[in-house]
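A.B. asks: Here it is: the structure, laid out below.
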């Protein structure tokens with residue numbers, strides 16, 4: 001947003017991710033190679049001095065298709081008509097780390113910055129911003145734990161909530177919780193489908209016979 | 001150890017004469033039930049209610065349960081007060097194993113009973129009775145101190161009814177009954193095993 005030109009001058013690629021919602025809180029998408037420099041610049045520049053990282057979190061974006069409809073003028077039976085044309089665009093999945101920055105000194109903020117991984121499987125590395133904002137340490141560990149983003153340059157990247165032997169990343173959209181649904185007194189929706197696999201088979205004589 | 005088979009009429013007659021007759025079992029259980037020392041640990045908001053129960057307004061000392069012990073070796077009662085996360089469950093079972101017999105467990109609140117509002121969470125144990133035997137369950141979220149006192153009195157009643165000899169004697173007097181239970185290990189996706197198959201038998205409900 002503001003000072004975008006200043007940032008871009010340093011060779012970093014920065015995109016603005018517009019938030020169309022009522023809050024209008026747009027964010028900066030920072031490329032991974034220059035993330036540390038950009039973060040240092042945001043913290044140290046006199047007019048910005050974002051000295052406080054209040055929140056760091058992860059977002060999982062699975063692979064999705066976006067449909068866009070555009071009106072195209074077309075000749076139909078010799079008459080020019082406007083026809084809706086839908087085009088599907090496949091967006092590959094990726095993981096995102098989002099940081100909320102404030103300036104205690106200048107009393108402004110939040111500035112939201114994002115970083116994106118290459119994909120959701122093997123290219124899940126991002127530079128750690130803990131060297132810039134110490135408060136991101138535990139939150140980056142949490143993102144590592146629940147989303148599986150590896151932060152390069154993090155001083156102590158371990159799981160923080162789940163145990164070390166745990167293999168999954170529970171906050172990912174495709175996470176399936178372990179099958180312990182054998183006793184569900186009031187199941188509904190997804191729980192009902194999971195619990196039904198544990199129901200004993202009905203004895204044949206109790207089955208309703210159509211008369 | 002004598003059986004509890006004193007003639008009531010004779011006992012009343014003797015009591016009128018200033019002689020108090022009792023049985024070993026009665027005396028033993030009377031002593032035990034009035035000095036239940038709980039283990040001092042809390043897991044979540046239920047622990048705050050447990051603290052309130054121990055404080056002067058509700059005063060669990062009236063029932064002999066005020067001596068919260070910081071060591072499992074000195075405790076008789078484990079009040080599982082709060083949400084048991086899967087990361088915490090092995091430590092709870094270990095604490096239970098370290099308590100000397102006779103030992104009792106109160107499962108306090110919806111979370112300790114079944115996981116409560118977090119039942120469908122990936123990180124919460126769906127009831128502590130998956131690993132250790134529970135004597136008294138208290139529903140509530142969290143239960144009020146009165147409810148905990150009620151559970152405490154229920155436990156006292158239960159202790160009072162325990163037999164010291166005979167075929168139906170108390171569990172802790174039977175050497176073949178286990179007093180320690182296997183501690184679950186941290187697995188790759190869940191605790192291993194997810195429940196103790198020897199003691200945990202969920203009711204099988206037949207549904208359409």
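A.B. asks: Antiparallel as a % of all DSSP beta bridges within chain B, to the nearest 5?
C.D. replies: Values: 3 of 13 bridges.
Within chain B, antiparallel bridges account for around 25 percent of the total.
A.B. asks: Counting only DSSP beta bridges with both residues in the protein assembly as shown, tell me the antiparallel percent, nearest 5.
C.D. replies: Approximately 70 percent, going by the DSSP bridge assignments.
A.B. asks: Another one. Two decimals is fine: what's Rg over Rh for the range A:95-184, C-alpha atoms, Kirkwood radius as Rh? Could you put the intermediate results ahead of the total?
C.D. replies: Values: Rg = 15.6 Å, Rh = 14.7 Å.
Rg/Rh: 1.06.
A.B. asks: Could you work out, residue by residue across B:177-190, how many beta carbons of other chains sit within 10 Å of that residue's beta carbon, and then give the average as an integer?
C.D. replies: Mean inter-chain Cβ contacts per residue within 10 Å come to 2.
A.B. asks: Quick one: if the Förster radius is 41 Å, what FRET efficiency do residue A:72 and residue A:15 give, using the C-beta to C-beta distance and rounding to 0.05?
C.D. replies: The value I calculate is 0.90.
A.B. asks: I would also like to ask the following. Among A:23, A:49, A:103, which one shows the biggest mean-square fluctuation in a GNM of chain A, springs joining Cα atoms closer than 10 Å?
C.D. replies: A:23
A.B. asks: While we're on this one: With a 10 Å cut-off between alpha carbons and a GNM built on chain B, which of B:125, B:27, B:155 moves the most?
C.D. replies: Per the Cα network of chain B with a 10 Å cutoff, B:27 tops the list.
A.B. asks: Taking the Cα centroid of the range A:12-31 and of the range B:152-208, what is the distance between the two, rounded to the nearest whole Å?
C.D. replies: 56 Å
A.B. asks: Next question. Can you quote the Å³ per residue value for the convex hull of the Cα atoms in the range B:1-52, rounded to an integer?
C.D. replies: It is 137 Å³ per residue.
A.B. asks: Using Cα-only point scatterers and the Debye equation, what is log10 of I(q)/I(0) for the protein assembly as shown at each q in 0.06, 0.10, 0.12 Å⁻¹, rounded to two decimals?
C.D. replies: -0.45, -0.92, -1.09
A.B. asks: Counting only other chains, and only Cβ atoms inside 10 Å, what mean value do you get across the residues of A:174-184?
C.D. replies: Per residue, the average neighbour count from other chains is 6.
A.B. asks: How far is helix A:136-147 tilted, in degrees, relative to the longest principal axis of the Cα atoms in chain A, given as a value from 0 to 90 rounded to the nearest 10?
C.D. replies: With rounding to tens, the tilt is 30 degrees.
A.B. asks: In square nanometres, what is the average projected area of the Cα convex hull of the range A:41-101? Don't skip to the answer; put the middle values down first.
C.D. replies: On the way: hull surface 30.4 nm².
Value for the range A:41-101: 7.6 nm².
A.B. asks: Using Stokes-Einstein with the Kirkwood hydrodynamic radius over Cα pairs, what translational diffusion coefficient do you get for chain A at 4 °C and a viscosity of 1.567 mPa s, in µm²/s rounded to a whole number?
C.D. replies: The diffusion coefficient I find is 61 µm²/s.
A.B. asks: So, how do all the Cα-to-Cα distances of the range B:75-172 break down into 5 Å bins, in percent, from 0 on up?
C.D. replies: 3, 13, 23, 22, 19, 12, 6, 3, 1, 0
A.B. asks: Follow-up. Compute the convex hull volume of the Cα atoms of the range A:6-67, divide it by the residue count, and report the result per residue in Å³ as a whole number.
C.D. replies: Per-residue hull volume (Cα only) is 144 Å³.
A.B. asks: Given a Förster distance of 45 angstrom, what is the FRET efficiency for residue B:48 paired with residue A:106, based on the Cβ-Cβ distance and rounded to 0.05?
C.D. replies: Result of the calculation: an efficiency of 0.65.
A.B. asks: Test of understanding: extend the Cα→C-beta vector of residue A:55 to 7 Å, then name every residue of the range A:95-110 with backbone N under 13 Å from that spot.
C.D. replies: A:98-102, A:110
A.B. asks: Moving on. Highest mean first, what order results for B:104-110, A:183-189, A:82-88, B:11-17 on Cβ atoms within 10 Å?
C.D. replies: Highest mean packing first, the order is B:104-110, A:183-189, B:11-17, A:82-88.
A.B. asks: Something else: Using a 7 Å offset from the Cα along the Cα-to-Cβ direction at both residue B:183 and residue B:20, what is the distance between the two label points in nm, to one decimal?
C.D. replies: 4.4 nm
A.B. asks: Taking the 0 to 90 degree range and rounding to the nearest ten, how far is the long axis of helix A:35-44 tilted relative to the main principal axis of chain A, both from C-alpha atoms?
C.D. replies: 50 degrees
A.B. asks: Same structure, new question: Kirkwood Rh and Cα-based Rg: tell me the resulting Rg over Rh for the range B:135-193, rounded to two decimals.
C.D. replies: Result for the range B:135-193 is an Rg/Rh of 1.14.
A.B. asks: Quick check on the exposure proxy: order A:134, A:43 from fewest to most C-beta atoms within 10 angstrom.
C.D. replies: A:134, A:43
A.B. asks: What would the Debye formula give as log10 I(q)/I(0) at q = 0.10, 0.15, 0.19 Å⁻¹ for the alpha-carbon point model of chain B, no solvent?
C.D. replies: -0.50, -0.98, -1.38
A.B. asks: What translational diffusion coefficient, to the nearest whole µm²/s, does the range A:1-126 have by Stokes-Einstein, given a Kirkwood radius computed over alpha-carbon pairs, a temperature of 4 °C and 1.567 mPa s viscosity? Each step should come with its number before you reach the end.
C.D. replies: Values: Rh = 17.2 Å.
Answer, rounded: 76 µm²/s.
A.B. asks: Please give the helix B:45-54 orientation as an angle from the longest Cα principal axis of chain B, in degrees from 0 to 90, rounded to the nearest 10.
C.D. replies: Approximately 20 degrees, to the nearest 10.
A.B. asks: Counting only other chains, and only Cβ atoms inside 10 Å, what mean value do you get across the residues of A:192-199?
C.D. replies: 2
A.B. asks: If you take the Cα Rg of the range B:25-97 and divide it by 2.2 N^0.38 Å, with N the number of residues, what do you get?
C.D. replies: 1.19
A.B. asks: Given a Förster radius of 30 Å and the C-beta distance between residue B:56 and residue B:27 as r, what FRET efficiency does 1/(1 + (r/R0)^6) yield to the nearest 0.05?
C.D. replies: E between residue B:56 and residue B:27, to the nearest 0.05, is 0.45.
A.B. asks: When DSSP assigns beta bridges and you keep just the ones with both residues in chain A, what percent turn out antiparallel, to the nearest 5?
C.D. replies: 85 percent
A.B. asks: On a C-alpha basis, how far is the centre of the range B:94-123 from the centre of the range A:168-187 in Å? Whole number, if you could?
C.D. replies: Answer, in whole Å: 20.
Quick note: the coordinates plus some simple rules give every number you see, no bench work behind them. Here the structure is a predicted model, which is why all the values come from computation and not from measurement. Neighbour counts are summed over all protein chains in view; Cβ atoms, including those assigned to glycine, are modelled from backbone coordinates with ideal geometry.
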